[in-house]
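For reference, the structure discussed in these notes is given below.
Each value in this text was obtained by applying a stated rule to the coordinates, not by laboratory testing. These numbers were taken from a predicted model, which means no experiment stands behind them. Note: ideal-geometry Cβ built from the backbone for every residue, glycine included; neighbour counts use all protein chains shown.
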Amino acid sequence: MKVLVTGGSGFIASHCLKALLSHNHTVVTTVRSAEKGENILAAYPESFKGQLSYVVVPDIAQEGAFEQVVVSDPPFEAVLHTASPFHFKFQDPKELLDPAIHGTKGILRAIKDNAPSVKRVVITSSFAAITSPDVHPDVYDESQWNPVTYEEGIEDRAKTYRASKTLAERAAWSFMEEEKPGFSLVTLCPPYVFGPPIHAPKSQDALNTSNLHFLMLMHGGWKEKLPPTGTWLWVDVQDIALAHLRAMEVSEAGGKRFFITADHFEMKEVAEIAKKNFPEYANQLPAQLLSDKPDSLYGFDNSRSKEILQLEYLPLETSVVDTIKFLQHHGV
Ligand code: NDP
């Protein structure tokens, strides 16, 4: 298939590119600058050159950002929309909300108007769009929605990222209902995504948000006390990349939302794995590793992802060990 992937410089998107290329798909990815595009191409051997290219889209929040990008020859058959800001360094909440919401609506509009050959669109949503942080249900699954509003996203910094993901995904499903385009939609909702990046970050500041915990652990930030776990669910980046590939290829996935999570976890387990596999970090951790898991922790149901997308899920130990090894190897 010929596939458009947005945000190819991202942590998750770079694994999606790798999965798509290794399954012989032809990929065009959007990036914010030619420099980022060239860095991605440089990471692949010559044999992939005809299969991968990039186009520059400096800001997905801009009106019409995708109008021409979705037009290609031969035409695209599928689109993976992963680009969306995931960080907490914003000054104005609209720095997160606008690209997430306008970017999602914009790409769907552009595909409907200009790319009738596209039959499947996969959007990277988040567990942030499912969770109800104030009152958890007994078991989380795809039927639940975060009740957060746009106004809360503007007024409360702690809710801005979650609002950006929830409202973007809601906008996507509303678009499908109102516009009835010629493609089907799949949304993927992962919690914490861990695992080694493909591209070494240029500095510690450039490391993707969900792997920052590992950096803190390695550089003494966990010495006095483990960080609070907060979200008790995780998935490896290779599994979420595989989920994108299967969501695009499997016909039965169309029209569905998927909760993509491997299992529960807590920071105490991450610390124990680090201590066992990297004795050099033992003195970077508290002598006593205490659990912060509540007695009645919510459950999760990831059965749809196993049945339809055939996901098997990597264990936490593999993900933690591979991530720390990658960061060590690249001197991050
Ligand atoms: P990254 O920060 O690594 O990737 C985000 C991507 O979006 C980058 O390519 C970035 O470009 C691009 N981007 C952000 N804002 C804009 C904009 N205004 N215009 C154009 N491009 C933009 O994050 P992840 O890979 O972790 O996240 C990818 C997706 O997965 C996001 O939608 C995120 O919400 C979702 N997700 C991530 C989870 C995680 O734990 N990592 C968990 C759940 C969901 P650039 O590199 O140039 O900044």
Exercise for review: Compute the Cα gyration tensor for the range 137-186, then decide on rounded, prolate or oblate, letting a ≥ b ≥ c be the square roots of its eigenvalues: rounded whenever a/c is under 1.5, prolate when a/b is larger than b/c in the other cases, and oblate in all that remain.
Suggested key: oblate
Check your understanding: Between Ser303 and Glu272, what is the FRET efficiency for a Förster distance of 30 Å, r being their Cβ-Cβ separation, to the nearest 0.05?
Key -> 0.60
Check your understanding: Tell me, what ³J(HN,Hα) does each residue in the range 141-155 have, in order and in whole Hz, if you take phi through Karplus 6.51 cos²θ - 1.76 cosθ + 1.60 with θ = phi - 60° and put x for Gly and Pro?
Key -> 8, 6, 7, 9, 10, 4, x, 4, 9, 4, 4, 5, x, 6, 7
**Study point:** Stretch gain in nm, segment Tyr44-Ala158, where the contour uses 0.36 nm per residue and the Cα spacing is subtracted
**Key:** 37.2 nm
Check your understanding: Between Val250, Val56, Val193, which gets the highest mean-square fluctuation from a Gaussian network model of the chain, Cα cutoff 10 Å?
Key -> Val250
Check your understanding: Given the alpha-carbon gyration tensor of the range 59-190, what are the semi-axes of its equivalent ellipsoid in whole angstrom, ordered largest first, with each equal to the square root of 5 times an eigenvalue?
Key -> 27, 18, 11
Point to revise | Karplus-derived HN-Hα couplings along the range 195-211 (A = 6.51, B = -1.76, C = 1.60, θ = phi - 60°), whole Hz, x at Gly and Pro | key: x, x, x, 8, 9, 5, x, 6, 8, 4, 4, 8, 5, 4, 4, 6, 9
Point to revise | Percentage relative contact order, the range 199-304, counting C-alpha pairs under 8 Å, at least six apart | key: 36 percent
Review point. Going down the table (Lys105/Lys165; Lys89/Lys325; Lys94/Lys256), which pairs top 21 Å between alpha carbons?
Key: Lys89/Lys325; Lys94/Lys256
Check your understanding: Are there GluC sites (Glu not before Pro) in the range 224-258 that DSSP puts in a loop and that have at most 10 other Cβ atoms within 10 Å, and which ones?
Key -> Glu224
Revision key, fill the gap. The answer for Val186, listing residues at least 5 apart or on another chain whose modeled amide H is closer than 5 Å to its amide H, is Val121, Val122, Ile123, Gly255
Review point. From the Cα gyration tensor of the range 246-332, with a ≥ b ≥ c the square roots of its eigenvalues, which class applies: rounded if a/c is under 1.5, or else prolate if a/b is larger than b/c, or else oblate?
Key: oblate
Point to revise | Label-point separation, Gln310 to Glu35 (7 Å along Cα→Cβ), nm | key: 4.2 nm
Exercise for review: Quick one: which residues, 5+ away or cross-chain, put their amide H under 5 Å from the amide H of Val5? H built at 1.01 Å from N.
Suggested key: Val28, Thr29, Thr30, Leu80
Revision key, fill the gap. Fewest to most Cβ atoms within 10 Å: Leu327, Leu217, Leu21 sort as Leu21, Leu327, Leu217
Exercise for review: Quick one: compute the contact order of the chain, relative version, from alpha carbon pairs under 8 angstrom and 6+ residues apart, as a percent.
Suggested key: 17 percent
Review point. By counting other Cβ atoms within 10 Å of each Cβ, how are Val5, Val135 ranked from fewest to most?
Key: Val135, Val5
Revision key, fill the gap. Extend 7 Å from the Cα of His23 along its Cα-to-C-beta direction; within the range 63-101, residues with backbone N under 16 Å of that point are 77-82
**Study point:** Shape call, the chain: gyration tensor on alpha carbons, a/c limit 1.5
**Key:** prolate
Review point. So how much slack lies between Glu317 and Ala200, counting 0.36 nm per residue of separation and subtracting their Cα-Cα distance, in nm?
Key: 40.0 nm
Exercise for review: Arrange the following residues from fewest to most other Cβ atoms within 10 Å of their Cβ: His244, His199.
Suggested key: His199, His244
Practice item. Work out, step by step, the length gained on full extension between Thr149 and Gln62: first 0.36 nm times the residue separation, then minus their alpha carbon distance; give nm to one decimal. Key: 29.1 nm
